[in-house]
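For reference, the structure discussed in these notes is given below.
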Amino acid sequence: MKIAVTYENEMVFQHFGHTEQFKIYEVEDNKVVASEIVDTNGSGHGALAGFLAGQGVDVLICGGIGGGAKAALAQAGITLYCGVSGTCDKAVNDLLAGCLVFNPDFMCTHHSHDHHENHNCGSHSCGSGNCGS
């Protein structure tokens, strides 16, 4: 199994659509056997679901995420755990131990537009408490 976590400075990055890196963990027998940090190469929002699918990811752990990205991940068959904060390593270890604190209803709610082509989401931040319900 492969678990990806939105990544910035060892922490769970709080805006899925703007993440520049993921930390991807390879898990066997419920134990992490390898991990690597991968760049998204400028991919954003909905394109990230395809990026993760191409990496063979089964599970995503993130902070804030919009409805369009949630739908794209579901369509790609990637299980989502959102509304997570703290370090990436702790989040993965908590998931494997069955005690990850997450909120399945957690969404970026500050968007006043749909995530389709020709939009700009660079004017807001999920890391400052602007996401969630």
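The values are calculated or read from the model by the stated rules, or taken from the named source; none is laboratory data. Small disclaimer: the values here were computed from a predicted structure and weren't measured. Note: ideal-geometry Cβ built from the backbone for every residue, glycine included; neighbour counts use all protein chains shown.
Details
- Check on GLY77, small (Gly, Ala, Ser) and within 21 Å of ASN103 (Cβ to Cβ): no
- If you go through region 25-42 and keep only what is assigned to a loop (DSSP other than H, G, I, E, B) and exposed (fewer than 12 other Cβ atoms within 10 Å of the Cβ), you end up with ASP29, ASN30, ASN41, GLY42.
- Residue in region 91-104 that is in a loop (DSSP other than H, G, I, E, B), polar (S, T, N, Q) and modelled with pLDDT under 90 present: yes
- Of all residues in region 1-24 being among the charged types (D, E, K, R) and more than 16 Å from ILE78 (Cα to Cα), the one that is surrounded by the most Cβ atoms within 10 Å (Cβ to Cβ): GLU8
- Top-ranked residue in region 20-52 [being in contact with a strand residue (DSSP E or B) (Cβ under 9 Å, 6 or more places away or on another chain) and touching a residue at least 60 places away in the same chain (Cβ under 8 Å); ranked as nearest to GLY64 (Cα to Cα)]: LYS23
- Candidate set: region 65-85, residues that are polar (S, T, N, Q) and touching a residue at least 24 places away in the same chain (Cβ under 8 Å); chosen: the one surrounded by the most Cβ atoms within 10 Å (Cβ to Cβ): SER85
- Any hit, region 43-64, residues being crowded, with 21+ Cβ neighbours inside 10 Å and charged (D, E, K, R): no
- Of all residues in region 64-85 being assigned to a loop (DSSP other than H, G, I, E, B) and under 19 Å from VAL12 (Cα atoms), the one that is modelled with the lowest pLDDT: GLY66
- Candidates are the residues of region 1-24 that are among the acidic types (Asp, Glu) and in a loop (DSSP other than H, G, I, E, B); the one that is modelled with the highest pLDDT is GLU10.
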